[in-house]
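The values are calculated or read from the model by the stated rules, or taken from the named source; none is laboratory data. Just so it is clear, the model here is predicted, and its values are computed rather than measured. No Cβ is skipped: glycine too gets one built from the backbone with ideal geometry, and neighbour counts run over all protein chains shown.
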Amino acid sequence: MTDTMIAVIGGSGIYDIDGLKDATWTAVETPWGAPSDQILTGTLDGVKMAFLPRHGRGHVHSPTTVPYRANIDALKRLGVTDVISVSACGSFRDEMAPGHFVIVDQFIDRTFAREKSFFGTGCVAHVSVAHPTCPRLSDACETAAKAAGIDVHRGGTYLAMEGPQFSTLAESKMYRESWGADVIGMTNMPEAKLAREAELCYASVAMITDYDSWHPDHGEVDVTEIIKTLMGNADKGRALVKGLPTLLGAERADCPHGCDKALEFAILTAPDARDPAILAKLDAVAGRVL
């Protein structure tokens, strides 16, 4: 058994955790640069918690410039075991309406301007992201959402676009009709991939703000309407987070789905061929197997 430490990576509208005891903002240095911001740590119902504002306080990072590797590395260095991503998304489904939440279980990664791995020349690794989210964590998020009275949908495919512009109408129709995506956002990739490389359990909660641009009755995305819905979603998101410590507990066994053993057989570079400089940067995310 190990101590549970739940990290919440907050997206647009989520900038803290309600009721956090002994709350302290902590600066964490990583070999991948500075994280998006300092990390808020404390306890909630006896469980250690961490909160990282993905875009930084004041929303200073665009989806492309979020330092994803530094963020995941910093959480791992703090002792985080479980990561809950909370982010604003558009919907491709009538039944997934603004104000509803979706517990995402699949991704289509269309980002192209971001570093997507901790590994590379000098230490090559390949992890599986066939099932990129942790069912155990997703179960807890679904239960917490229902307990908070949130309209929640279990399961959905998240189309990760580069941004920062929203979709064209043609793109929106293609993602919905040809590709079968359910929601669209700009920030869960490469975040989910990096969490898997760092052997962290990861769950994604999509807070729907709009219907993207495909819906014949809603037209293109209206930022003023998004912000209005964001405020309501933020309150719901904090209510969901508040229910997680009791559900997950202060101690945890190994992940039954193997998220915390993702690197077990992933590193292909022979030990005598590994670059010491890269190994030094991997001390937190891959220290267990190096």
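Hey, any hits in region 198-205 for a residue that's part of a loop (DSSP other than H, G, I, E, B), touching a residue at least 60 places away in the same chain (Cβ under 8 Å), hydroxyl-bearing (Ser, Thr, Tyr) and surrounded by 19 or more Cβ atoms within 10 Å (Cβ to Cβ)?
No, the conditions are met nowhere in region 198-205.
Step by step: first the residues of region 13-33, then only those that are touching a helix residue (DSSP H, G or I) at 6+ places or on another chain (Cβ under 6 Å) and closer than 19 Å to residue 65 by Cα, then the one that is modelled with the lowest pLDDT. Which residue is that?
Looking at residues that are touching a helix residue (DSSP H, G or I) at 6+ places or on another chain (Cβ under 6 Å) and closer than 19 Å to residue 65 by Cα, I get 13.
Residue 195: part of a helix (DSSP H, G or I), without any contact (Cβ under 8 Å) to a residue 40 or more places away in the chain and not β-branched (Val, Ile, Thr), yes or no?
no
Could we say that residue 72 is surrounded by fewer than 17 Cβ atoms within 10 Å (Cβ to Cβ), touching a residue at least 60 places away in the same chain (Cβ under 8 Å), over 16 Å from residue 207 (Cβ atoms) and under 15 Å from the mean Cα position of the chain (by Cα) here?
The answer is no for residue 72.
Only one of 146, 116 is touching an Asp or Glu at 6+ places or on another chain (Cβ under 9 Å), basic (Lys, Arg) and surrounded by fewer than 23 Cβ atoms within 10 Å (Cβ to Cβ). Can you tell me which?
From the options 146, 116, the qualifying one is 116.
For region 162-188, enumerate the residues that are of a type in the set (S, T, N, Q), at pLDDT 95 or above and surrounded by 16 or more Cβ atoms within 10 Å (Cβ to Cβ).
Selection gives 172, 187, 188.
Filter region 25-43 for residues that are closer than 28 Å to residue 227 by Cα and either buried (at least 16 other Cβ atoms within 10 Å of the Cβ) or of a type in the set (S, T, N, Q) (or both) and give the result.
35, 36, 37, 38, 39, 40, 41 - these are the residues of region 25-43 that are closer than 28 Å to residue 227 by Cα and either buried (at least 16 other Cβ atoms within 10 Å of the Cβ) or of a type in the set (S, T, N, Q) (or both).
Looking at region 125-141, which of its residues are under 19 Å from residue 72 (Cβ atoms) and in a loop (DSSP other than H, G, I, E, B)?
Answer for region 125-141, where residues must be under 19 Å from residue 72 (Cβ atoms) and in a loop (DSSP other than H, G, I, E, B): 126, 127, 128, 129, 131, 132, 133, 134.
Show me the strands (runs of 3 or more DSSP E) entirely contained within region 1-108 in which 3 or more residues are aliphatic (A, V, I, L, M) and on the phi < 0 side of the Ramachandran plot.
Correct list: 5-10, 39-44, 47-53, 82-91, 101-104.
Based on what the data block shows, is residue 236 closer than 22 Å to residue 155 by Cα, charged (D, E, K, R) and either more than 20 Å from the chain's Cα centre (by Cα) or modelled with pLDDT under 95 (or both)?
yes
Among the listed residues 118, 107, identify the single one that is in contact with a strand residue (DSSP E or B) (Cβ under 9 Å, 6 or more places away or on another chain), within 28 Å of residue 229 (Cα to Cα) and of a type in the set (Phe, Trp, Tyr).
Answer to the selection: 107.
Considering every residue within region 49-57, establish whether at least one is out of contact with any strand residue (DSSP E or B) (no Cβ under 8 Å at 6 or more places or on another chain) and either closer than 25 Å to residue 252 by Cβ or free of Cβ contacts under 8 Å to residues at least 12 places away in the same chain (or both).
Checked against the condition, which is being out of contact with any strand residue (DSSP E or B) (no Cβ under 8 Å at 6 or more places or on another chain) and either closer than 25 Å to residue 252 by Cβ or free of Cβ contacts under 8 Å to residues at least 12 places away in the same chain (or both), region 49-57 yields no hits at all.
Those residues that are acidic (Asp, Glu) and more than 24 Å from the chain's Cα centre (by Cα), I need them from region 265-290; list them, please.
If the condition is that a residue be acidic (Asp, Glu) and more than 24 Å from the chain's Cα centre (by Cα), then 272, 275 are the ones that fit.
Can you tell which of 256, 245, 216 is farther than 25 Å from residue 30 by Cβ, outside any loop (DSSP other than H, G, I, E, B) and not basic (Lys, Arg)?
245
From 284, 250, 273, 262, which residue is under 19 Å from residue 80 (Cβ atoms), modelled with pLDDT of 95 or more and either out of contact with any helix residue (DSSP H, G or I) (no Cβ under 9 Å at 6 or more places or on another chain) or acidic (Asp, Glu) (or both)?
On inspection, the qualifying residue turns out to be 250.
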